[in-house]
Structure formats: structure tokens, C-alpha cells
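Q: Right, I'll just put the structure down here and ask away after.
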Amino acid sequence: MKQQKGFTLIELIVVIVILGILAATALPKFFDLKSDAASAAVQGVAGGISSGNSINYAVRSLHAGSGVAVADCSAGSSLIEGGLPANYSIAASGVAAGVTTSGCVLTGPANDGSKTATFTVTGIN
């Protein structure tokens with residue numbers, strides 16, 4: 001008598017159903033990747049501005065003629081190399097000399113959902 005090898009139709013259908021259930025539960029996560037990426041991009045730019053501010057404050061403290069004077073959050077656009085990326089904006093808010101504020105708000109492009117992030121700026125003349 002000859003033995004047959006292989007899967008039955010029922011086994012194949014069960015595997016397909018399980019794969020369908022897994023795909024249906026994982027699919028919604030992939031739809032929101034664009035939103036997550038837009039948030040991460042805005043947070044990255046905000047982090048770059050905060051970092052540039054720290055370097056600018058140190059340089060300007062040592063040599064008054066170097067660096068950029070910071071009296072407003074919008075000065076953050078000049079604290080990163082190449083300036084602020086296209087379609088990003090910074091809400092204007094004054095910063096006193098020698099005072100550090102973390103309330104500066106950066107807004108990303110409208111076509112990416114206008115994501116926002118905060119960054120830190122230290123005022124210096």
C-alpha cells in the first residue's frame with residue numbers, strides 16, 4: 001500500500017485563516033506610520049534647535065561678537081545649520097537675557113498634520 005504525503009485541505013484553510021487574522025490585527029499599525037514619522041521629524045528639528053542654542057550660548061558667553069543674539073524663540077531658526085526647514089514655523093515668544101525657557105513651540109508642515117514640539121532657548125544679548 002502506498003502512503004500519501006502532504007497537507008489536507010482543512011489544514012491549509014486553517015493556516016490561511018490564521019494568517020488573515022494576524023494581518024488584520026497588524027494592518028492598522030502600519031496606517032499610522034506617516035503620523036509617527038511626522039511627529040519624529042518635528043521633534044528632531046526641535047532637538048536640533050535646542051542643541052544649537054546650547055552651543056550658541058556657550059560661544060556667545062565667551063566671545064560677545066560670535067554667535068547669535070537670542071531675545072525671542074524665533075531666533076531658533078538661525079541656531080541650526082541651513083536654517084529652519086521649509087514649511088516649519090516657530091511661535092514668537094520673548095526670552096529675557098540669561099533666562100532659559102522651554103516654552104518655545106515649533107510647528108511642522110500642514111500637509112503632515114501640523115505636528116508640534118517644544119524646544120529650549122536661553123536668551124543672550
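Q: Going toward the positive end of the dipole of the chain, with +1 on Lys and Arg Cβ and -1 on Asp and Glu Cβ, which of ALA117, GLY20, SER102 do you reach last?
A: Highest projection toward the positive end goes to GLY20.
Q: Provide the net charge surrounding GLY52, with neighbours chosen by a C-beta distance below 14 Å and charges set as Lys +1, Arg +1, Asp -1, Glu -1.
A: Details: positive: ARG60; negative: GLU81.
Counting the neighbours of GLY52, the net charge comes to 0.
Q: Could you work out how much longer the chain between SER114 and SER93 gets when fully extended? Use 0.36 nm per residue separation minus the Cα distance between them, nm to one decimal. Walk me through the numbers before you get to the answer.
A: Working: separation 21, 0.36 × 21 = 7.56 nm, distance 1.89 nm.
Here the answer is 5.7 nm.
Q: Can you give me the Cα centroid spacing of region 56-75 and region 81-96 in angstrom?
A: For region 56-75 versus region 81-96, the Cα centre distance is 15 Å.
Q: Once Rh for the chain is found with the Kirkwood sum over Cα pairs, what is the Stokes-Einstein diffusion coefficient at 4 °C and 1.567 mPa s, in µm²/s?
A: On the way: Rh = 17.9 Å.
Translational diffusion coefficient: 73 µm²/s.
Q: Right, something else. Which distance in nm do the two modelled labels at GLU81 and VAL59 give, with both placed 7 Å along the Cα-to-Cβ direction?
A: Simple spin-label model gives 1.1 nm for this pair.
Q: Let me ask you something else. Angle between the Cα long axis of helix 33-62 and the longest principal axis of the chain, 0 to 90 degrees, nearest 10?
A: Long axis of 33-62 versus the principal axis of the chain: about 30 degrees.
Q: Which is the longest run of the chain containing none of the trypsin sites (Lys or Arg not before Pro) found in DSSP loop states (not H, G, I, E, B) with at most 11 other C-beta atoms within 10 Å? Spell out each step's value before the answer.
A: Numbers: sites that count: LYS2, LYS5.
Answer from the scan: 6-125.
Q: Right, another one. Kindly express, to the nearest 10 degrees and within the range 0 to 90, the angle between helix 9-31's C-alpha long axis and the longest C-alpha principal axis of the chain.
A: Tilt relative to the chain: about 10 degrees.
Q: Let me ask you something else. Using the Cα centre as the reference, give the magnitude of the dipole from point charges on the C-beta atoms of the chain (Lys, Arg: +1; Asp, Glu: -1; all else neutral), rounded to the nearest 20 debye.
A: On the way: 6 positive and 6 negative charges, 86 e Å.
In debye, rounded to 20, the chain gives about 420.
No lab work stands behind these numbers, since they all come straight from the coordinates. The structure displayed is predicted, hence computed values, not measured ones. Because the Cβ atoms are built from the backbone with ideal geometry, glycine has one as well, and the counts that use them run over all protein chains shown.
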